[in-house]
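Everything on this sheet refers to the single structure shown next.
The values are calculated or read from the model by the stated rules, or taken from the named source; none is laboratory data. Just so it is clear, the model here is predicted, and its values are computed rather than measured. No Cβ is skipped: glycine too gets one built from the backbone with ideal geometry, and neighbour counts run over all protein chains shown. Remember, those area values only see protein heavy atoms, side chains included, never the ligands or the DNA or RNA. Shrake-Rupley method; radii C 1.70, N 1.55, O 1.52, S 1.80 Å.
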Amino acid sequence: MNFLRGVMGGQSAGAQPSGAETIQKLCDRVASSTLLDDRRDAVRALKSLSKKYRLEVGFQAMEHLINVLQTDRSDSEIIGYALDTLCNIVSNDLEEEEQEENSQKQVDDLGRQFTEIFIKQQENVTLLLTFLEEFDFHVRWPGVKLLTSLLKQQGPQVQQIILVSPMGVSRLMDLLADSREVIRNDGVLLLQQLTKSNAAIQKIVAFENAFERLLDIVTDEGNSDGGIVVEDCLLLLQNLLKNNNSNQNFFKEGSYIQRMKPWFEVGDDNSGWSAQKVTNLHLMLQLVRVLVSPTNPPGATSSCQKTMFHCGLLQQLCTILMATGVPADILTETINTVSEVIRGCQINQDYFASVNAPSNPPRPAIVVLLMSMVNERQPFVLRCAVLYCFQCYLYKNQKGQGEIVSTLLPSTIDATGNSVSAGQLLCGGLFSTDSVSNWCAAVALAHALQENATLKEQLLRVQLATSIGNPPVSLLQQCTNILSQGSKVQTRVGLLMLLCTWLSDCPIAVTHFLHNSANIPFLTGQIAENLGEEEQLVQGLCALLLGICIYYNDNSLENCRKEKLKQLIEKRIGKENFIEKLGFISKHELYSRAAQKPQPSFSSPDHMMFDHEFTKLVKELEGIITKAIYKSSEEDKQEEEVKKSLEQHDNIVTHYKKVIREQDQQLEELKQKVNTLKSQNEQLQTAVTQQMSQIQQHKDQYNLLKVQLGKDNQHHSSHSDMLQMNGIQPEEISKLRQEIEELKNKHEALQGQLREKDSVIENMKSLQSETGTTEHSSQIAASAGLEQANELCRELEALRIQIQSQSSDISKLQSEKQELLQQMNTASVPALGDNSAITAAKNSELEGRLLQEIKELKSEVKTLSEEKALLKQHLDSINSTVAVLQDEKSKLHQEVTESKKEQDDLLVLLADQDQKILALKNKLKELGEPVEDEDDTESGDQGDEDEDGEEED
């Protein structure tokens, strides 16, 4: 400000300079001054003037400020001043005094014009993005505010520039990780502006881990109890998720729905909520609705609904629904949220039906909500929300529809009257004096009958006691009675919608309606009259109801056949007039509003006329009724014949379907029986084979016994006794034979492996001898390899000696075995003629000797097995050394090839140098210079070397 003070004080004697002149001087100083301090002071002065003289500073200084951003990037202070000044120029956040002086429209135009000037050069926005990477607070924070202002003024253009700039969105995402809360919070506001109505940027921001960061901020700030930062984060999350199926899917798959559950944890005492908490919770509920909106793809909505049930989010919302002390607007939004979470999802609808209010005795939540809907003292918005919740509960829920209608049937009504059912509440609302209750109850009952012909027929059984002493009246008749009494338009519209829904696609209900002779004259009278605009809607609905009675008429009543009804229309109304009155419905403004979305949203109770589902029915029936009115009797007859033939055909088809179904069931049963019989047959076959084998074994044993019994001499008995006594010897000998054979095989295998190792070592010796003449270093490695090979050879010789000794031991064992066998044979022959005592003594001696020799053989076998293990270890060590030698051989080969290459390169270089020296000598000779021969130079060099050697000596 020293410079500004100098500029202002220089003209103290004369007139004071105007703001424009001061700004011009400051701009000249910024452009021409060579000292950084002067430029910094000038920019600081421009910043202080930029709010009051926004127009002058903008037009005169913007170019100079952009130059400062480009040239003085090393000084963070002047950059911060320049960014603040540009932000003041571009933004429309003026002070109150300036807002009073200037109109808001002019202010908006001024900010938009300066923004256009700044972003005309896309490099300016790219330069601004680079400043956002600076960690300096005085640079980063003004940069964030300036970019936010640019996005507010020219959002789509700035979004496109950021989108095409490399890593533009990623730089902005780093702001959420800044440890300084001011920059982080303003970064959230910046991303709010950046993600508005731009699906591409929304996807990039989402995949830059925005959901994780924002949910962490919400958690750190205290969830719904947090401040305005939580609100900003929730608004940014709405921008990322609303109408963006890709981000919604990413949010669900990232398990972020589970992290929303703690948002809705409320305590017992819900009084004294702050305004910020109400706002935060309202936005949180809206965020849940974004994920399960009816406008989303059905598959995505269904998966989110199931996730919300499994993670407990729906249960948490129902807790808020039944809690006391919750503010009215939060309760209304919670009801709307629960409505869309359960809409069309069977598991969620079943859970909602099981929720009870904490009352004494406990009542179902549906009943409590319906009590609020038919209570005219409740807020209108809350009643609409309850109606939407009831509609969503019944949407594609035939089980729920049946439960509601069953509460009206005579067999299920509670005779004690202790508890109020949903059906009783609906009937009470249908016939109350409040027109809003009439309309809501009629629409709710119509949703209970939607696309369910069975319930439409059952509802015809409902009887109502109108007054004491009079007979009960059917629900259908009571609706027509109220309709004919000339009640409010809203009540009549609701009842007509209920009757149209009830009678459509239900010929039995049409017949019941036509039974009352007063109904058709009432409808034709309403349609034929020329009434005001308010009554035109009722006329259109009456025409629709009459058309339904014609189209779905089964001609069971003689006086109300299709043809007679059409003749009545032609005489009393006229076909063209009838079609014109029917068209009043779809041309109505309130019809168009209701057709847009399922949720009933009305600005006032007077606008509550049409239901969303009913608009679909009108669209479906309007064309069908028009065709039915213009059809002749012959065409009707043909159509009836076609219908009858189709019905017969359908009956035949259903009959054959039943037959085929029964045959399929029989086939399945027969297949199962066949499979069981097969398994039983296999089991029996296995049992038979086992029994056959057992029988064969018994036969063999029987034959052996028979043979043994036939030999009755004493020789055989004594010999058999001796065999039984010495029965151990053959088994031991057979085991020894097997072990000896195994040792022989292993011995031969070891010898084969030794031969292979010998051949490998010989090959390595030959290769090492060939490569040993290449170079001195390679000779050293080869000699080391030869020494290792010699050591291996020595070890192999030692192993051979051990194996030969083992083979000699094995041959000795074999000879001893033969001797034992001979001794056994010789001992058995003379034993036949001697006395029993002598033979017993000899046998005992032989047994002792044999047992001792068997023990010795076993010990020798153990020693052999140990030696075999040692041989294996030696072979493993030999294998490892051979592998090492092979590696060294490959290294030696590489070194030899490399040395050969180096020698070849040196020879080539020497040949080139010789040629160059000869060429130079020839040139010198041509020039007449004396040139020494190579022999002389070599001898001279040798002489010098000799002299040097003598000196050293």
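Here the range 540-598 and the range 304-375 have alpha carbon centers that stand 39 Å from each other. Placing dummy labels 7 Å off each Cα toward the beta-carbon, the span from Glu376 to Thr130 is 7.2 nm.
Pairs with C-alpha atoms separated by more than 28 Å, drawn from the list Lys488/Lys597; Lys52/Lys277; Lys488/Lys619; Lys456/Lys597; Lys456/Lys562, are Lys52/Lys277. Here Lys673 is the anchor, and the lysines within straight C-alpha reach of less than 28 Å, apart from those fewer than 8 places off in the same chain, are Lys657, Lys658.
Summing Lys, Arg as +1 and Asp, Glu as -1, what charge do residues with Cβ under 15 Å from the Cβ of Gln315 carry, Gln315 excluded? Provide the component values of the computation, followed by the final result.
Values: positive: Lys261, Lys306; negative: Glu265, Asp350.
Charge balance in the 15 Å sphere: 0.
According to the square roots a ≥ b ≥ c of the eigenvalues of the Cα gyration tensor, what is the shape class of the range 229-366, taking rounded for a/c under 1.5, prolate for a/b larger than b/c otherwise, and oblate for the remainder? Oblate is the answer for the range 229-366, as a/c is 1.5 or above yet b/c matches or exceeds a/b. Potential lengthening of the chain between Glu451 and Asp329 amounts to 40.6 nm, from the contour at 0.36 nm per residue minus the alpha-carbon distance. Split the accessible area of the range 444-542 by element, probe 1.4 Å, and carbon with sulfur accounts for 49%. Spin-label pair Ser359-Gln346: with each label point 7 Å from Cα along the Cα-Cβ axis, the two points sit 3.1 nm from one another.
For Phe578, the shell of other residues with beta-carbons less than 11 Å away shows a net charge of +1, using +1 for Lys and Arg and -1 for Asp and Glu. Listed values for the range 903-910 are Karplus-derived 3J(HN,Hα) couplings in whole Hz (6.51 cos²θ - 1.76 cosθ + 1.60, θ = phi - 60°), namely 4, 4, 5, 4, 4, 5, 4, 5, and x replaces Gly and Pro. Relative to the current alpha-carbon distance between Gln70 and Gln121, full extension at 0.36 nm per residue lengthens the span by 17.1 nm. Averaged over its residues, the range 435-533 has an accessible area of 38 Å² per residue, based on protein heavy atoms and a 1.4 Å probe.
Here the 3J(HN,Hα) profile of the range 670-675, calculated from phi with Karplus coefficients 6.51, -1.76 and 1.60 at θ = phi - 60°, is 5, 4, 5, 4, 4, 4 Hz, Gly and Pro shown as x. For Asn245, neighbours were defined as the other residues whose beta-carbon sits under 13 Å from its Cβ, and their charges (Lys and Arg +1, Asp and Glu -1) total +2. Note on Lys868: lysines with a C-alpha under 25 Å away, same-chain residues under 8 apart excluded, are Lys735, Lys744, Lys746, Lys757, Lys812, Lys817, Lys855, Lys858.
In this structure the amide hydrogen of Leu464, modeled in the peptide plane, comes within under 5 Å of the amide hydrogens of Val473, Ser474, Leu475, none closer than 5 places in sequence on its chain. For the range 496-577, the convex hull spanned by the alpha carbon atoms encloses 84 Å³ per residue. The candidates Lys25, Lys575, Lys587, arranged from most to least accessible area with a 1.4 Å probe in the full protein assembly, appear as Lys587, Lys25, Lys575.
Highest mean packing comes first when the peptides 661-674, 58-71 are listed by Cβ atoms within 10 Å, giving 58-71, 661-674.
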